[in-house]
Amino acid sequence: MKHIVVGTAGHVDHGKTALIKALTGIDTDRLKEEKERGMSIDIGFAYLNLPSGNCAEIIDVPGHEHFIKNMLAGVGALDLVLFIVAANEGVMPQTREHLDILRLLGVKKGIIVITKTDLVEKDWLDLVTDSIKELVNNTFLKDAPVIYFSSVTGEGIENLKLSIDEITQKVQTKVTSLPFRLPVDRVFKMEGFGTIVTGTLVNGILKIDDEVEILPKGSKTRVRQIQSHKGKISQALAGQRVGVNLAGIKTEEIVRGDVLSKPGYLSSTSLIDAHLTLLETLEQPLQNRARIRLYLGTGEFLGRIILLDKEVIKPGEDGLVQFRLEQLTTGIKGDRFIVRLYSPMLTIGGGEILNAHPKKHKRFKKEVIQELTAYEKGTTEDLIEQTLLSAGGGLSVADLSKLVNLGKSEIEKVLQVLIQKNTILWLQPGQLLIHKEKFAELKKKILDTLKE
C-alpha cells in the first residue's frame, strides 16, 4: 500500500472541511472554538482508502488569513492538493495566497474543486470556472482536473474520489532508505499513556522501541506505541500520518516545529544557506538584513535574511541567501520553505535549502556563490564532490548522507565513480573520505607548519 499526503487549500468558508467530511465521513474540526465559529482554526486530519488499495492521508488547513501560520504547518509535505474555490464567491485573497504558497513549496499535482455549486446558476458557474483557469494559468494546476461539488446534493463526490485515486497512482513513493524523520504538528497528553505527538513521516521507517532524538533540543527518548487511522501498528512508512507515544517526555518538553529523528542523523542549526524566489506581486524589493519569519517543516522561526549575491532581490527574481535565525531549527538539503515579512505578516517568497550547516558568509564572496551554485544546479557527483571540498576534513558515508540528503546505497554508487576518477580518497578504507584537493591543502599546511 502506498500512502499519499493530500491537503486542502483555499479561502475561508469555501467548504474545505465540508468537502473532507463528505469524502471521508470525518469532521476535521476538532476544537470547541471551531465548532462555535463554524470555521477551521488549526489543521485537521482524515484518511481515505482508495479503490486502488492506496491510502490518502488528508490534511485539512484553515483558510483565514489570521491562521496562515497554522496552514503552513500542514502543507509542507503534500503530494496532491485539493484547490478549493466556492462557486458563490469565486477567487478570493486567500485563494491567491494559498496558490502562491503551494507553488513556492514545489507542490506538483492538484485537483481544482469548485464547491457550493447548488447555490449558483450555470452561467455564473461558467464565469467562476473561467476566472479560476485564468488564475492557475502558468502554474502546476494549469491542466488539473476540475470537479464540481455540492455537500448538499452530493454532486461530484464520486468523480473526486476517482480523480484522487488516478493521480495518487502516479505519485512517487516516498524514500524509506533514509533514516526516519517526523516533523511534529501536534502535541497532547493522553491519560494512561503520557505524551503523544502527531505528524507525517517524511522519510524512513519508524518502529516501536526505536530510539528517538527530539530536535532542536537534542533530548532522547523511545517509541512506546505507534498509531495510525487503523489503530496500533508496529511500524510506520514514509508518507504515513502517525501518532507516536513517547516514553519519559513531558508535553511541555516538545512543541510544534520540533522534529523526531534517528539519533545522530540530524543536528540543529541557526544558519541556513538557500535559494530564494520572490513573488511577482510584491510591491517592494527585498532588502539585505530584512527581518523575516521562516516557515520550515511544521515550525515558524524568526530571523534576518542576508543577500549573498545581490544588493536587493526584486519582485519575481531569485537569489542566494543566508538565514540567520534567532532560534535553532532542523532542516536538510532540499527541504522547501516559505518566507513572510516579520511585520506586516505578508508572504514574500519561498525556496529550497542548499546547505543546512554553513558558516557565516560575507556577501558577494565568489567561492561561496560557486559552492552554493554547485549545491543547487550540479549533478549528484558535483554535490558530493562539493560537500567533501567544503568539509573541514574527512567525512564518513553517514556524514555525507546527512549533508546531501541521499540514501547510503545511492552515495556509494557515486563514490565508486569518484574514486575511479581519483577525485576522492579513503583516509580510512570504508570509514573516512576526503577530497583530493582538500587532502593536498591539509598536507601543505602540515608541511608549512613543520618548516616554520
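The values are calculated or read from the model by the stated rules, or taken from the named source; none is laboratory data. Predicted model only: the values in this text are computed from it and were never measured. FYI the Cβ positions are ideal-geometry reconstructions off the backbone, even for glycines, and counts take in every protein chain you see. Note: accessible area is taken over every heavy atom of the protein model, side chains too, but ligands, DNA and RNA are not part of it. Shrake-Rupley method; radii C 1.70, N 1.55, O 1.52, S 1.80 Å.
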Report whether or not Ile196 is more than 18 Å from Asp258 (Cα to Cα), outside any loop (DSSP other than H, G, I, E, B) and out of contact with any helix residue (DSSP H, G or I) (no Cβ under 7 Å at 6 or more places or on another chain).
no
Can you give me the number of residues within the range 241-272 that are at pLDDT below 95, within 30 Å of Arg289 (Cβ to Cβ) and touching a Phe, Trp or Tyr at 6+ places or on another chain (Cβ under 9 Å)?
1
Counting just the residues of the range 411-447 that are acidic (Asp, Glu) and touching a helix residue (DSSP H, G or I) at 6+ places or on another chain (Cβ under 7 Å), which one comes out most open to solvent (accessible area, probe 1.4 Å)?
Glu437
When you scan the range 154-173, how many residues do you find that are part of a helix (DSSP H, G or I) and not small (Gly, Ala, Ser)?
11
More than 20 Å from Ala77 (Cβ to Cβ), open to solvent by 10 Å² or more (accessible area, probe 1.4 Å) and acidic (Asp, Glu) - does that describe any residue in the range 263-276?
no
Just need a number here: residues in the range 389-427 that are farther than 28 Å from Ala238 by Cα, touching a residue at least 12 places away in the same chain (Cβ under 8 Å) and either of a type in the set (Phe, Trp, Tyr) or not in a helix (DSSP H, G or I) (or both).
8
Can Leu302 be described as loosely packed, with under 15 Cβ neighbours inside 10 Å and in a strand (DSSP E or B)?
yes
Just to be sure, is Tyr295 of a type in the set (Phe, Trp, Tyr) and surrounded by fewer than 21 Cβ atoms within 10 Å (Cβ to Cβ)?
no
Residues of the range 369-382 that turn out to be free of Cβ contacts under 8 Å to residues at least 24 places away in the same chain, open to solvent by less than 50 Å² (accessible area, probe 1.4 Å) and part of a helix (DSSP H, G or I), as a count
2
Residues that are in contact with a strand residue (DSSP E or B) (Cβ under 7 Å, 6 or more places away or on another chain) and either open to solvent by 40 Å² or more (accessible area, probe 1.4 Å) or closer than 16 Å to Arg291 by Cβ (or both), drawn from the range 346-368:
Leu346, Thr347, Ile348, Gly349, Glu352, His357, Lys360, Arg363
Taking the residues in the range 74-97 that are of a type outside the set (D, E, K, R) and open to solvent by 10 Å² or more (accessible area, probe 1.4 Å) as candidates, determine which candidate is farthest from Val5 (Cα to Cα).
Asn88
Go through the range 296-308 residue by residue and tally those that are touching a Gly at 6+ places or on another chain (Cβ under 8 Å) and either modelled with pLDDT of 95 or more or hydrophobic (A, V, I, L, M, F, W, C) (or both).
4
Residues that are at pLDDT 85 or above and out of contact with any Lys or Arg (no Cβ under 6 Å at 6 or more places or on another chain): list the helices (runs of 4 or more DSSP H) wholly contained in the range 1-104 that include at least 1 such residues.
16-24, 93-104
Can you say whether Leu296 is aliphatic (A, V, I, L, M) and either under 26 Å from Ile424 (Cα atoms) or more than 19 Å from the chain's Cα centre (by Cα) (or both), as far as the supplied structure shows?
no
Number of positions in the range 140-160 that are in contact with a strand residue (DSSP E or B) (Cβ under 9 Å, 6 or more places away or on another chain) and either under 11 Å from Leu82 (Cα atoms) or open to solvent by 80 Å² or more (accessible area, probe 1.4 Å) (or both):
8
